[in-house]
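The values are calculated or read from the model by the stated rules, or taken from the named source; none is laboratory data. This one's a predicted model, so the numbers in the text were calculated from it and none came from an experiment. No Cβ is skipped: glycine too gets one built from the backbone with ideal geometry, and neighbour counts run over all protein chains shown.
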2 protein chains.
Amino acid sequence: MPLSRLPEPPYYAVIFSSIRTKGDDTAYGETATMMSQLAAAQDGYLGEDSTMRDGEGMGITVSYWRDEAAIRAWKQHLDHTVARNAGREKWYQSYTLRVAKVERAYDFDRPESGFSKQAAV
Amino acid sequence: MPLSRLPEPPYYAVIFSSIRTKGDDTAYGETATMMSQLAAAQDGYLGEDSTMRDGEGMGITVSYWRDEAAIRAWKQHLDHTVARNAGREKWYQSYTLRVAKVERAYDFDRPESGFSKQAAV
């Protein structure tokens, strides 16, 4: 999965860092995949970068959005609300969520890959 | 490693998503650890969340800073500049770096852990 490449700032990032509880991996994984697909279908969704979890169950997902209204609409989506409640009840030991306005962005690609170094801003 | 817990917004996040080239893991790992420690010693550094890399070599590090001036000073730090150049020459297939102003933040901890649910803002 390549890194998300986005239009010029400003846009918004939702930084979600989390530590999983142990177990229930299948149900969690299915819900996480569904939520990721559902988020991608929302108006104002721009992209997402997400990592695997390490041995301590920690992972980071950063999703990108056009504006605050798009983030708010996704937050209030019924299926997302159900999944979030299940996450608090069962799947997360702890998490932090930060909403941040992206002001500048830079990209780098190795010249061999056929891309050239570029700065979005 | 627990998740970074921070003062109330506003503050800044530097979102660094990267894909490693293959090999040279020892030199890369040593430099990454040194840079992480050096960043933590800078004025205005607030914290960091960082994941392991997945099978495709992708990882995300989000560092948190008091303000833009602190980010700029760290960007211009000589050792950091040397490491960044080595990263472009040898260690990264591609990366994206985004500077974003954190406007709101939420925390969740399972009640069993002795913490209670809280919202920083």
(request) Give the residues of the stretch B:25-43 that are of a type outside the set (S, T, N, Q), surrounded by fewer than 17 Cβ atoms within 10 Å (Cβ to Cβ) and more than 21 Å from residue A:52 (Cβ to Cβ), sorted by residue number. (result) B:27, B:30, B:34, B:38, B:40, B:41, B:43
(request) Output the residue which, of all residues in the stretch A:2-48 that are in a loop (DSSP other than H, G, I, E, B), of a type outside the set (S, T, N, Q) and in contact with an Asp or Glu (Cβ under 7 Å, 6 or more places away or on another chain), is nearest to the other protein chains (Cβ to nearest Cβ). (result) A:3
(request) Could you please find all residues in the stretch B:66-107 being within 15 Å of residue B:46 (Cα to Cα), in a strand (DSSP E or B) and either among the hydroxyl-bearing types (Ser, Thr, Tyr) or more than 7 Å from every other protein chain (Cβ to nearest Cβ) (or both)? (result) none
(request) Given the conditions (1) in contact (Cβ under 8 Å) with a residue 12 or more places away in the chain; (2) closer than 30 Å to residue B:65 by Cα; (3) of a type outside the set (Ser, Thr, Tyr), report the number of the one that residue A:54 does not fulfil. (result) (1)
(message) Out of the residues in the stretch A:45-59 meeting the condition of being in contact with a Ser or Thr (Cβ under 7 Å, 6 or more places away or on another chain) and under 14 Å from residue B:61 (Cα atoms), tell me which one is surrounded by the fewest Cβ atoms within 10 Å (Cβ to Cβ).
(response) A:54
(request) Test residue A:63 against the stated conditions and say whether it is closer than 22 Å to residue B:15 by Cα, in contact (Cβ under 8 Å) with a residue 12 or more places away in the chain, in a strand (DSSP E or B) and within 7 Å of another protein chain (Cβ to nearest Cβ). (result) no
(request) Take residue A:53 and decide whether it is of a type in the set (D, E, K, R) and closer than 27 Å to residue B:8 by Cβ. (result) no
(message) Tell me yes or no: at least one residue of the stretch A:88-98 is over 16 Å from the mean Cα position of the chain (by Cα), under 22 Å from residue B:8 (Cα atoms), among the hydroxyl-bearing types (Ser, Thr, Tyr) and at pLDDT 95 or above.
(response) yes
(message) As an exercise: evaluate residue A:53 against (1) within 14 Å of another protein chain (Cβ to nearest Cβ); (2) farther than 20 Å from residue B:103 by Cα; (3) not in a loop (DSSP other than H, G, I, E, B) and give the number of the one condition it does not meet.
(response) (3)
(request) Could you tell me which numbered condition residue B:107 fails, if it satisfies all but one of (1) surrounded by fewer than 17 Cβ atoms within 10 Å (Cβ to Cβ); (2) under 18 Å from residue A:13 (Cα atoms)? (result) (1)
